[in-house]
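Written below as structure tokens is the structure these notes are about.
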Amino acid sequence: MSISTATAGTTMSAPSGRDRPIAIIGAGASGMLAAIKLREAGYTRISIFEKKDDIGGTWRENRYPGLHCDVPSQSYCFSFALNPSWRQTFSSGPEIQSYFQQVAQRYGLRNLVRFNSEVGTARFDGKSWQLTMTDGHVAHADFVFAATGVLHHLNYPQIAGMEEFAGLSLHTGDWPDGLDLAGLRVGIIGTGATAAQLVPAIVDEVSRLTLFQRTAQWVAPSPNPAIPWWRRALYRLAPWVLRRRYRMLTDEIEATAGRWVLKDSEVYPRLVRTCQRNLETIADPELRRKLTPDYEPGCKRQIYSSTFYPAIQRPNATLCTEPINRIEASGVRTSDGALHQLDVLVYATGYRMHDYMRPMRISVEGGTSLDELWSDGEVAHRGVAIPGLPNFFMLVGPNSPLTNYSVIAVAEMQMRYLLELLDRVVDDGAVAIEPLEQACRQYEDELSQAMTSTVWATGCNSYYLDRNGRPNTWPWSIDKFRRDMAKVDFNEFRMSR
Ligand code: NAP
């Protein structure tokens, strides 16, 4: 694979202040982005702290069969490092991880990363942050970028008897390489985007597949054609064609998936019709009934798959909608008394999305801590900074547009905003910057008000909701997000010298 780069990440000689140390936490897509953009802006002392031994974040961690991205590959990449070589419309996990490795290589990022360095605590002393790793190592930085992502704290259900299961049990986010399921009886708990990919990938290999569904999902069809060799060759020879494709896809997603969440948008009825028609393709009326959600399309994260419905209709597949009573040594006991005997039990039960950079302990000397600041829910001004935590910035923080849109594009917009913020502090020779509490509160009020007209507020249970039942995502169009991120209003921030 080769990657075309509009602007390569070269280290320039540092103008005044650009040598202040910066720590990035996490070497996933947004951490890599932060490093590339900071270097392009002339910052010279950048360290990335990564808890594991490779870059890639969630794409390094997730290795379950069928893993792919349901955002088209040609838009799920850095806008400045488009990839002419994607083989599928929706690429596999390994191909995406390989893309990130290529980018890391191209931009010389590995030299910046301290692998196997998990930040345990971060403490601000009024001038700089002290980061203490879980192994005791200490580092200092004037500014911290938390690029920790949201898909890394595995969410296990709490079901009685889980520890009694005598077969192999595993979470999809912890899939062992080379696991052979041939001829085994496999149970899967969960029906989110992950299960929708896993079921079709293994159904023909296993002897029996039982999918335990608590809540049905709306599924929109999404064929995944290969990108022909001649098209890939064209992208390589004429990068402008690839750039045009990126822009076209991004615009298209913004106009569809980006607007579906706004219930009164003109495209929402199209989503409803598409999902309903797809459901009608299920031949058995009883199975169709079981797979019919009792909430509105888009309320949970939309599933895109052309293979899930065919797979669950295979003769060796069963959809079990009886609630799980408990797990026993030989399988799953449902509330009707039936025992579903299993060799392997898979938890496709997602992530604790609202943990963000926790369990890291973050505090300010003589001030407050993140746990206190977030005791009532996760809040960040414009998704990127927290009142009370100076010089601490987040990528893909609370209320970022995290639906069926490219999270990489979101991080790019946030990074642009954060660079403007950082440049101002550094150019003014200030010590620190943080958002005003009042500005953040006003922003939160606007978010809450706008949230009421979104599809997430129509009464389903989803991971978009925080512990107070409030949708913790973006209630407006992507275009508004881009406009908001295009210019910092410095009246919303306080700088200190
Ligand atoms: P998820 O969407 O959070 O779904 C978790 C599933 O587990 C739900 O069906 C949930 O049921 C079920 N569940 C949880 N606890 C349960 C319990 N105690 N008993 C029974 N069922 C239980 O998780 P995911 O599918 O792993 O997706 C996680 C994230 O990864 C999402 O953000 C998704 O977008 C992302 N993802 C993205 C892609 C992509 O292609 N871009 C692919 C895979 C995953 P309820 O619905 O009843 O709560």
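The values are calculated or read from the model by the stated rules, or taken from the named source; none is laboratory data. Not measured: the values here are computed from a predicted model. In this analysis, Cβ positions are derived from the backbone assuming ideal geometry, glycine residues included, and neighbour counts consider all displayed protein chains. Please note that ligands, DNA and RNA were not included when accessible areas were found on the heavy atoms of the full protein model with its side chains. Shrake-Rupley method; radii C 1.70, N 1.55, O 1.52, S 1.80 Å.
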Spit out the partnerless Cys residues in the chain, using Cβ distances under 4.7 Å as the pairing rule.
69, 77, 275, 320, 440
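Please report, to one decimal in angstroms, the Kirkwood hydrodynamic radius of the range 207-286 built from all distinct Cα-Cα pairs.
Numbers: mean 1/r = 0.0614 Å⁻¹.
One over the average 1/r among Cα pairs gives 16.3 Å for the range 207-286.
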In whole Hz, the Karplus estimates of ³J(HN,Hα) for the range 252-261 (6.51, -1.76, 1.60; θ = phi - 60°; x where Gly or Pro) are 5, 5, 4, 7, 10, 4, x, 10, 4, 5
Square roots of five times the C-alpha gyration tensor eigenvalues of the range 153-251, ordered largest first and given in whole Å, equal 38, 17, 14
Working with all protein chains in place, sort 43, 304 by solvent-accessible area computed with a 1.4 Å probe, largest first.
304, 43
Rounded to the nearest 20 debye, what is the charge dipole size of the range 125-251 about its Cα centre when +1 sits on each Lys and Arg Cβ and -1 on each Asp and Glu Cβ?
1060 debye
Can you give the log10 of the normalised intensity I(q)/I(0) at q = 0.16, 0.24 Å⁻¹, computed with Debye over equal Cα scatterers of the range 51-122?
-0.62, -1.12
Across the alpha-carbon set of the range 394-497, Rg over Rh with Rh taken as the Kirkwood radius works out to 1.01
Computed accessible area, residue 165, all protein chains, 1.4 angstrom probe, square angstrom:
20 Å²
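Accessible area, 1.4 Å probe, largest first: how do 281, 172, 292 sort? Each step should come with its number before you reach the end.
Details: 281 85, 172 5, 292 60 Å².
Descending order: 281, 292, 172.
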Apply the a/c threshold of 1.5 to the C-alpha gyration tensor of the chain and tell me whether it is rounded, prolate or oblate.
prolate
Let me check I've understood the local charge: for residue 448, count other residues with C-beta under 12 angstrom from its C-beta, Lys and Arg +1, Asp and Glu -1. What total comes out?
-2
Excluding residues on the same chain fewer than 8 positions from residue 300, give the aspartates and glutamates whose Cα lies under 14 Å from its Cα.
466
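How would 51, 487 rank on accessible area, largest to smallest, probe 1.4 Å?
On the way: 51 75, 487 140 Å².
From most accessible down to least: 487, 51.
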For a quick check of understanding: with a 1.4 angstrom probe and all protein chains in place, what accessible area in square angstrom does residue 156 have, to the nearest ten?
100 Å²
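How high is the relative contact order of the chain, in percent, with contacts defined as C-alpha pairs under 8 Å that are six or more residues apart? All intermediate terms of the calculation are to be shown ahead of the outcome.
Values: 1004 pairs, mean separation 96.3, N = 497.
Reported as a whole number, the value is 19 percent.
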Cα shape, the range 271-359, gyration tensor, a/c 1.5 rule:
oblate
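Say the cut-off is 29 Å between C-alpha atoms; which of 290/480; 127/487; 51/480; 51/487 go over it?
Values: 290/480 38 Å; 127/487 26 Å; 51/480 34 Å; 51/487 33 Å.
Correct reply: 290/480; 51/480; 51/487.
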With all protein chains in place and a 1.4 Å probe, residue 413 shows an accessible area in Å² (nearest 10) of 20 Å²
Here the equivalent ellipsoid of the range 159-314, derived from its Cα gyration tensor, has semi-axes (largest first, whole Å) of 32, 24, 15
A student asked for the Cα radius of gyration and Dmax of the range 330-448 in angstrom ought to give 20.3, 69
Rounded, prolate or oblate: which one fits the range 387-454, using the alpha carbon gyration tensor with axes a ≥ b ≥ c (rounded when a/c is under 1.5, else prolate when a/b beats b/c, else oblate)?
oblate
Residues with beta-carbon under 15 Å from that of residue 184, excluding residue 184: net charge, scoring Lys, Arg +1 and Asp, Glu -1?
-2
Can you return the aspartates and glutamates within cross-link range of residue 37? Criterion is Cα-Cα under 13 Å, with same-chain partners fewer than 8 residues away left out.
412, 420, 423
Cα lying deepest toward the dipole's positive end in the chain, options 109, 451, 190, charges on Cβ:
109
